[in-house]
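Data block below; observations after.
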Amino acid sequence: MENRENPSENSKIPCPDAHASSEEAIENQPQSTRFTKLLFLILLIGVGITVGIQIYKFIHKSHAPIDPHIYMQFPQPKPLPDAKLKVAGKGNISSRQLLSGQWHLVYFGYTYCPDVCPVELTALHHMYAQLKQTLPKDKLPQVVFISIDPDRDTPEKSMEYVHYFDPDFIATTGDKSQLLILGHPLGIAWHKERNTNIQAKLSDKNYIMSHSTTILLINPQGQVVGMFPAPHDPKKMVKVYQQLVS
C-alpha cells in the first residue's frame, strides 16, 4: 500500500529563510524600542528644563522686591474716603465714584504752584507715555490731579491746567472740608503760607500752599494700595507699575 505524506504535516515544516527573518526581527525590536524611549526621554527632559526656566523667570520677575524709595506698598489696602468733589463738565461727583473702575494715580497740588507741581505732573506725563506703549488700555492708569486750593482753582481752571501736561489727565477739586475728608486719612497734608517773594503783590489771594508730593496708587476696587514717594523717576515708576498690575 502506497504511503502518502500528509499535506498538513508538511506545511508545518518551517522555511529556514523565514525563520531567520523572524529571529532577526525579534532581536532588532528591543533596540528600536530602547532608542525610541531614550529619544522621548531626552525630549521630555529638554521640554521640562525649558518650562522650568520660564516659570522661574516669571516668578522671579513677578515677586522681585520693590525699592521702597520708589514705591511703598501698604500692608492692607485702605478704603477710599467718601468725599464730594467737583469735575468740570460733570458737576458734583463722589470720590469713590470718580476713583474706581480702573487703576488711578492721584496727585494733590494746585495750579498756582510755582515749581513742584509742574515737575511732578511732567514726571507723570513721561510715565504715562511709556505705559501707553507697553500696556493694554484696560491696564493703563487714569491720572487725576486734585487741587487743594479751591479759593483760586475752579474745576474748569484745574482741568485746563492739567491738560497742559497731558490731555488724558483729569482734574478735580472740592470744598475745603471735603478735600480734608479725602486727603488727610490717606496721609496727604497741606497748609497755606504767606508768599514772601518781594515781587509778589499784597493780596488775600497771594499765598502759596505747602503740600505733600506723594502720588497715590488706587486699584480698580477703589482701594488705596500704595504710594510713590518723591522724588519721582518715570522710568523706575513704569517698571514698578508694570509689575504691580501684571
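Scanning segment 101-115 for any residue that is modelled with pLDDT under 95, of a type in the set (Asp, Glu) and either more than 18 Å from VAL245 (Cβ to Cβ) or in the same structural domain as ASN206 (by TED's automatic domain parsing) (or both) turns up at least one such residue.
Residue selection: VAL162 satisfies the criterion of being over 16 Å from ASP233 (Cβ atoms) and among the hydrophobic types (A, V, I, L, M, F, W, C).
Among residues belonging to segment 170-196 that are of a type in the set (Gly, Ala, Ser) and in contact (Cβ under 8 Å) with a residue 40 or more places away in the chain, point out the one that is nearest to ASP149 (Cα to Cα).
Checking each candidate, the answer is GLY174.
Contact map, segment 135-149: residues that are over 30 Å from ASP175 (Cα atoms) paired with residues that are part of a loop (DSSP other than H, G, I, E, B) and modelled with pLDDT of 95 or more, Cβ distance under 8 Å, separation 6+ or inter-chain. Pairs shown: ASP138/GLN102; LYS139/TRP103.
Pairs meeting the criteria (first residue in segment 114-134 and within 13 Å of PHE165 (Cβ to Cβ), second residue part of a helix (DSSP H, G or I) and of a type outside the set (A, V, I, L, M, F, W, C), beta carbons under 8 Å, at least 6 apart or on different chains) are ALA123/PRO234; LEU124/PRO234; HIS126/PRO234; MET127/PRO234; MET127/TYR241. In the set LEU180, LEU244, only one residue is of a type outside the set (Asp, Glu) and in contact with a strand residue (DSSP E or B) (Cβ under 8 Å, 6 or more places away or on another chain); that residue is LEU244. Surrounded by 14 or more Cβ atoms within 10 Å (Cβ to Cβ), among the charged types (D, E, K, R) and within 14 Å of LEU179 (Cβ to Cβ): is that true of LYS84 in this structure? Yes; evaluated as a whole, the condition is true for this residue. In segment 138-155, the qualifying residues are those that are surrounded by 15 or more Cβ atoms within 10 Å (Cβ to Cβ) and acidic (Asp, Glu), and the one that is nearest to LEU216 (Cα to Cα) is ASP149.
Restricting the search to segment 173-194, which residues are part of a strand (DSSP E or B) and either of a type in the set (Ser, Thr, Tyr) or exposed (fewer than 15 other Cβ atoms within 10 Å of the Cβ) (or both)? Those that are part of a strand (DSSP E or B) and either of a type in the set (Ser, Thr, Tyr) or exposed (fewer than 15 other Cβ atoms within 10 Å of the Cβ) (or both): THR173, HIS191, LYS192, GLU193, ARG194. Only one of the numbered conditions (1) out of contact with any Ser or Thr (no Cβ under 7 Å at 6 or more places or on another chain); (2) in a strand (DSSP E or B); (3) not charged (D, E, K, R) is not met by LEU85, and that is (1).
Checking the structure you have, find out if any residue of segment 189-209 is in the same structural domain as LYS90 (by TED's automatic domain parsing) and under 30 Å from ALA64 (Cα atoms). For segment 189-209, residues in the same structural domain as LYS90 (by TED's automatic domain parsing) and under 30 Å from ALA64 (Cα atoms): absent.
The values are calculated or read from the model by the stated rules, or taken from the named source; none is laboratory data. Nothing here was measured: the structure is a model prediction, and the numbers come from that model. Reconstructed Cβ throughout: ideal geometry from the backbone, glycine too, with neighbour counts over all protein chains shown.
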